[in-house]
Ligand code: PEP
Ligand code: MN
């Protein structure tokens, strides 16, 4: 059974037209399962699909498609994140704000992977802690929006909601949600994961290649030079170990996981599978899924769906969250209080983190809740530059991470990791950094489909500064 053939995008047909279509085998709804109770609740930020029959056909096809990741892999990530909860490791989450179908190329995926590996090696070597690596990759195709529409020159159209839903181009056809895009999301995620696995285990991620990870990047930046020095030290350490007769196999590849915001519940539901080992449900669209700041209603559909899957999961917490709400998330989403299952990704903003985070951490800790604390220093620090670009200051990002470390140090809790938006390219989207990027530079390479990302150099710089905080 296949999805109806490609046809040119159209403006939405009326709901009535869609409903009148004859039901047939290709549009039969997916049977409800134990994880589908979210359908009875309000799901925020879902697209208004103009053709429900097409959505049903696509999701029915996805429900029969092979899983993208296995339950065993997700369990392994839970175990790794449990080490973070216990203060024995650090987690690095990073990647695009919004992946795009055309941006899913070998080169761009490889550059992002290399950037993340470089950051991880900086943190591991300098701070001597294992670093769990989770790419915001292979599934980050759907975006929640603060406004449902966008107006340009008196023309109002639906907002861009990520390539999984509609197109970035500002035209009625492109902005009309098209459920066939969910299939493309699956295909692009599969292609990305394939590259990730090849890269992680095929030799490219061998620690002896640490120098090569810098190839193709501008090396004459301060961070690039520092990285070269560090790669030299790693080489010497590896040669020393070899001379001593130690040749650790563990350095020949890396463990790399994929995560995304579990926003589109029709998609996630279609890819939810029962683990034959245990009979439990897992999202198989990625290893780690998180609930966004705009969809974390305790009585809403997202919390219900997430409560029924067994993956390691995250909840984004903005400055309005209360400590009681945080406890309620732990209760609903991790009733067994298993370490590694639940991560709180705080995104307070540099100006709020030192006020808001202590109360949260104190109460959660006092209640014996097992949670991994991760800092997203991006989403609370976004503003519009005078040029009209959405941007962030490198200094604000750094300040929020510093605040995060300060709060945890003062309370004796573990600052578990960071969650950042980055790319392996030399984009000009965030202000500042060692290159001193200014507002007038933003237009040069402003390429993001949604939020501004750290460039490759800014990412390395952040990693060196973080390594310092981890060591202190
Ligand atoms: C995001 O991670 O891109 C995002 C929209 O974050 P938040 O839900 O924290 O606003
Ligand atoms: Mn974002």
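The values are calculated or read from the model by the stated rules, or taken from the named source; none is laboratory data. Since the model is a prediction, treat every value here as computed from it, not as a measurement. Here the Cβ is made from the backbone with ideal geometry for all residues, glycine too, and neighbour counts use every protein chain on show.
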Residues of segment 308-328 being within 14 Å of ligand 1 (Cβ to nearest atom) and within 22 Å of residue 134 (Cα to Cα), which ones?
-> 313, 314, 315, 316, 317, 318
Options 233, 228: the member that is in contact with a helix residue (DSSP H, G or I) (Cβ under 9 Å, 6 or more places away or on another chain), free of Cβ contacts under 8 Å to residues at least 24 places away in the same chain, assigned to a helix (DSSP H, G or I) and surrounded by fewer than 21 Cβ atoms within 10 Å (Cβ to Cβ) = 228
In segment 424-436, which residues are touching a strand residue (DSSP E or B) at 6+ places or on another chain (Cβ under 8 Å), without any contact (Cβ under 8 Å) to a residue 40 or more places away in the chain and either within 11 Å of ligand 2 (Cβ to nearest atom) or at negative phi (or both)?
-> 428, 430
So is residue 179 away from ligand 1 (no atom under 16 Å from the Cβ), surrounded by fewer than 17 Cβ atoms within 10 Å (Cβ to Cβ) and touching a residue at least 12 places away in the same chain (Cβ under 8 Å) or not?
-> no
Among (1) within 16 Å of ligand 1 (Cβ to nearest atom); (2) farther than 20 Å from residue 95 by Cα; (3) surrounded by 21 or more Cβ atoms within 10 Å (Cβ to Cβ) - the single one residue 421 does not satisfy | (2)
Could you tell me which numbered condition residue 429 fails, if it satisfies all but one of (1) within 16 Å of ligand 1 (Cβ to nearest atom); (2) within 26 Å of residue 344 (Cβ to Cβ)?
-> (2)
In segment 262-305, which strands (runs of 3 or more DSSP E) lie fully inside it and hold 3 or more residues that are surrounded by 20 or more Cβ atoms within 10 Å (Cβ to Cβ)?
-> 281-283, 288-291
Qualifying position, being assigned to a helix (DSSP H, G or I) and within 16 Å of ligand 2 (Cβ to nearest atom), among 400, 421, 461, 447 = 400
Those residues of segment 362-386 which are over 16 Å from the mean Cα position of the chain (by Cα), closer than 22 Å to residue 79 by Cβ and either buried (at least 21 other Cβ atoms within 10 Å of the Cβ) or modelled with pLDDT under 95 (or both), in sequence order | 371
Residues that are farther than 18 Å from residue 375 by Cβ: find the strands (runs of 3 or more DSSP E) completely inside segment 86-182 holding 1 or more of those.
-> 149-152, 155-158
If we ask which residues in segment 344-357 are away from ligand 1 (no atom under 13 Å from the Cβ) and crowded, with 17+ Cβ neighbours inside 10 Å, their number turns out to be 6
Failed item, numbered, when residue 411 is tested on (1) surrounded by fewer than 17 Cβ atoms within 10 Å (Cβ to Cβ); (2) within 14 Å of ligand 2 (Cβ to nearest atom) | (2)
